[in-house]
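Enquirer: Pasting in a structure now, in structure tokens, and then I'll have a few things to ask.
The values are calculated or read from the model by the stated rules, or taken from the named source; none is laboratory data. Since the model is a prediction, treat every value here as computed from it, not as a measurement. Reconstructed Cβ throughout: ideal geometry from the backbone, glycine too, with neighbour counts over all protein chains shown.
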There are 2 protein chains.
Amino acid sequence: MNNSLLVVGSVAFDHVTTPSGNREESLGGSATYFSHSASFFCPVKLVAVIGDDFPQKYIDDLNKKNIDTSGLIRRQGKTFRWKGSYVNDLNEAETIETNLNVFETFKPVLPDNYKDTPFVFLANIDPDLQLNVLEQVKSPKFVACDTMNLWIDIKKNSLLNLLKKIDLLILNDGEAKMLSGKSNLISAAKAIQSMGPKSVIVKKGEHGSLLVYENDLFVLPAYPIETVVDPTGAGDTFAGGTIGYICKKGKTGFNDLKKAIAYGTVMASFNVENFSMDNLIGLTDDKISARFDELLKISSI
Amino acid sequence: MNNSLLVVGSVAFDHVTTPSGNREESLGGSATYFSHSASFFCPVKLVAVIGDDFPQKYIDDLNKKNIDTSGLIRRQGKTFRWKGSYVNDLNEAETIETNLNVFETFKPVLPDNYKDTPFVFLANIDPDLQLNVLEQVKSPKFVACDTMNLWIDIKKNSLLNLLKKIDLLILNDGEAKMLSGKSNLISAAKAIQSMGPKSVIVKKGEHGSLLVYENDLFVLPAYPIETVVDPTGAGDTFAGGTIGYICKKGKTGFNDLKKAIAYGTVMASFNVENFSMDNLIGLTDDKISARFDELLKISSI
């Protein structure tokens, strides 16, 4: 039986403006990006909430990719909406408007067939909800999670409690500095490691990522993309490729994580080349393999 | 006979303030950093100007490292002084004061024994002077150069003329964007390549560097340093290791350049761990090799 991967997070509609143009009512959300990305590596079980305005078509797209949507709950009201712009800086979204809608009262409840999932990704939601989901999983083999500046700011104790229970934290450079209080990224990653997780991945956008694993360090550049069309979801797509690969291999050692990060990097590079998850949905294993080889080539001596 | 490497640039005294402290009358200058770094790889021939205040001790230090100083001219007046601070940003110096002194009227004249040097590095000086030096070299095998925002701004035509005559331009990310008018670094490097040089290296500070060589691309992270004491001279030290290695091997292909950049990265990492060139002067081949291996390890899958 294949290992499977549980993800809890958001499903949303985005209104995105970038230097390449804009897209309204664009399918988004951390759990959606993560699921589509991870689905190229392993079966995915999705936990999220949608409103009554969410088209069946997108659920069909998920199911076609071996993504179990029995944990995708429909509630009365509107789906989560986010409006943002990358016009001034492709590396950082400027949030113009956030309407949580049905997401505001989201209390994830795992369907029974989700409860023994061995690999878990807690996408960026309130750390109390992340903890709550984790408590519903029987004996997970590997738990990774994401977070954001908001939770570091207003829910730090819950986040610190969560960090003691997970294997890997994935966060971006600004968040790593904020959480650790250190301006050097290696020092920041090590400080976060001492808060609990065996491994910490710091995402540096166009500059790639770094991994601290026990006493080892790994640094990988981003796959070079000349025209970034829409960076939305890059981090979740990266996480999807990374944890998806780990789940597929069923191994969580340093060398497995290194390769996993390269797959995460590849998935993120495809994603930013187009709006929404247009590129992810049309992707093939061959394209992923070819770009993985190319990433190794351009980063190897 | 060993290949040798000609460098023209500045020799200076710096007054540097960083988060780690400050250093007055600190030995600096592009040609000094470059020479000390390159001297671990090949014999160096230095062209620069100093004032009557420059201590013989520093010349002795250069000579001990197989750096020929017959092109280091002493003029009446004071040596070039630069005062800068990295207190707000370790990645970018804030210039507080520049006193060119004897450097202001510097007209480099190559001693006869310099004129057939096969490898040439034109450190960051007025591109008209870079062109003038280049004309004095008989038939160089490989010419690399650096530049800065000032020359891109006020001497662009001379710089463009120079670019047609060199093999490799090394510049930082901000300069690459400014010179090319492109915000994406890969696009910027390719655009600069189309101005003349076969190869372009873009330095990204703590994020490493990238190389565009013909149609190939190579990306290498920086060697991770937790405490950067003084970033002054990092770029010139990087160039010294890079071109020094190229000179030592006598080969200028893609694979040679990749390895060369790794050596440049290693040399720069040592340099930023201490003020001035204190670390470079005490360095050993064994330490360089060990860190080179470590850089390969942390950046390899």
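Enquirer: Please go through region A:193-244 and give me each residue that is assigned to a strand (DSSP E or B) and of a type in the set (Val, Ile, Thr), ordered by number.
Expert: Scanning region A:193-244 gives A:Val200, A:Ile201, A:Val202, A:Val212, A:Val219.
Enquirer: Would you confirm whether any residue within region A:242-256 is closer than 24 Å to B:Ile186 by Cβ, touching a helix residue (DSSP H, G or I) at 6+ places or on another chain (Cβ under 7 Å) and within 14 Å of another protein chain (Cβ to nearest Cβ)?
Expert: Yes, some residue in region A:242-256 is closer than 24 Å to B:Ile186 by Cβ, touching a helix residue (DSSP H, G or I) at 6+ places or on another chain (Cβ under 7 Å) and within 14 Å of another protein chain (Cβ to nearest Cβ).
Enquirer: Suppose we keep only residues that are buried (at least 18 other Cβ atoms within 10 Å of the Cβ) and more than 21 Å from A:Pro231 (Cα to Cα) within region A:193-213. Which one would you say is farthest from the other protein chains (Cβ to nearest Cβ)?
Expert: A:Pro197
Enquirer: Before we move on, is A:Phe13 more than 13 Å from the chain's Cα centre (by Cα) and either at pLDDT 95 or above or in a strand (DSSP E or B) (or both)?
Expert: yes
Enquirer: Pick from B:Thr69, B:Thr95: which is under 27 Å from B:Pro231 (Cα atoms), in contact with a Gly (Cβ under 6 Å, 6 or more places away or on another chain) and of a type in the set (Ser, Thr, Tyr)?
Expert: After ruling out the rest, the residue left standing is B:Thr95.
Enquirer: Could we say that A:Lys177 is among the basic types (Lys, Arg) and crowded, with 17+ Cβ neighbours inside 10 Å here?
Expert: Values: among the basic types (Lys, Arg): yes; crowded, with 17+ Cβ neighbours inside 10 Å: yes.
Judged against the criteria, A:Lys177 is a match.
Enquirer: Here's another thing I want to ask about it. Going by the structure shown, is A:Asp256 surrounded by 22 or more Cβ atoms within 10 Å (Cβ to Cβ) and under 22 Å from A:Cys145 (Cα atoms)?
Expert: In short, no.
Enquirer: Please pick out the residue among B:Ala268, B:Ala290 that is surrounded by fewer than 24 Cβ atoms within 10 Å (Cβ to Cβ) and not polar (S, T, N, Q). Can you show your working first?
Expert: On the way: B:Ala268 fails: surrounded by fewer than 24 Cβ atoms within 10 Å (Cβ to Cβ).
Exactly one of B:Ala268, B:Ala290 is surrounded by fewer than 24 Cβ atoms within 10 Å (Cβ to Cβ) and not polar (S, T, N, Q), namely B:Ala290.
The rows are residues; the columns are (1) β-branched (Val, Ile, Thr); (2) in contact with a strand residue (DSSP E or B) (Cβ under 9 Å, 6 or more places away or on another chain).
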| position | (1), (2) |
| --- | --- |
| B:Ala12 | no, yes |
| B:Thr18 | yes, yes |
| B:Arg23 | no, yes |
| B:Leu27 | no, yes |
| B:Asp53 | no, yes |
| B:Gly71 | no, yes |
| B:Gln76 | no, no |
| B:Glu104 | no, yes |
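Enquirer: Kindly evaluate A:Val49 against the criterion of being of a type in the set (Val, Ile, Thr), within 21 Å of the chain's Cα centre (by Cα) and not in a helix (DSSP H, G or I).
Expert: For A:Val49, the condition - of a type in the set (Val, Ile, Thr), within 21 Å of the chain's Cα centre (by Cα) and not in a helix (DSSP H, G or I) - is met.
Enquirer: Would you be able to say whether some residue in region B:81-103 is in contact (Cβ under 8 Å) with a residue 40 or more places away in the chain and of a type in the set (Ser, Thr, Tyr)?
Expert: Yes: region B:81-103 contains one or more residues that are in contact (Cβ under 8 Å) with a residue 40 or more places away in the chain and of a type in the set (Ser, Thr, Tyr).
Enquirer: While we're looking at this one, here's another question. Report every pair of residues separated by at least 6 positions or lying on different chains whose Cβ atoms are under 7 Å apart, first residue within region B:281-301 and away from chain A (no Cβ under 14 Å), second hydrophobic (A, V, I, L, M, F, W, C).
Expert: What qualifies is B:Leu283/B:Phe40; B:Leu283/B:Phe270; B:Asp285/B:Phe40; B:Ile288/B:Phe40; B:Ile288/B:Val266.
Enquirer: Being within 19 Å of A:Ile67 (Cα to Cα), at pLDDT 95 or above and among the hydroxyl-bearing types (Ser, Thr, Tyr) narrows it down to one of A:Thr252, A:Thr265, A:Thr284, so name that one.
Expert: Matching residue, one of A:Thr252, A:Thr265, A:Thr284: A:Thr284.
Enquirer: Looking only at region B:24-32, decide whether some residue is surrounded by 19 or more Cβ atoms within 10 Å (Cβ to Cβ), more than 14 Å from chain A (Cβ to nearest Cβ), modelled with pLDDT under 95 and not in a loop (DSSP other than H, G, I, E, B).
Expert: Residues of region B:24-32 that are surrounded by 19 or more Cβ atoms within 10 Å (Cβ to Cβ), as a first pass: B:26-32.
Those still in the list that are more than 14 Å from chain A (Cβ to nearest Cβ) too: B:26-32.
If we keep only those that are modelled with pLDDT under 95 as well, we get B:26.
Still in the list and also not in a loop (DSSP other than H, G, I, E, B): B:26.
Yes, region B:24-32 contains a residue that is surrounded by 19 or more Cβ atoms within 10 Å (Cβ to Cβ), more than 14 Å from chain A (Cβ to nearest Cβ), modelled with pLDDT under 95 and not in a loop (DSSP other than H, G, I, E, B).
Enquirer: Please verify whether region B:214-231 includes one or more residues that are more than 14 Å from chain A (Cβ to nearest Cβ), buried (at least 22 other Cβ atoms within 10 Å of the Cβ) and either touching a strand residue (DSSP E or B) at 6+ places or on another chain (Cβ under 8 Å) or not polar (S, T, N, Q) (or both).
Expert: Yes; the residues of region B:214-231 include at least one that is more than 14 Å from chain A (Cβ to nearest Cβ), buried (at least 22 other Cβ atoms within 10 Å of the Cβ) and either touching a strand residue (DSSP E or B) at 6+ places or on another chain (Cβ under 8 Å) or not polar (S, T, N, Q) (or both).
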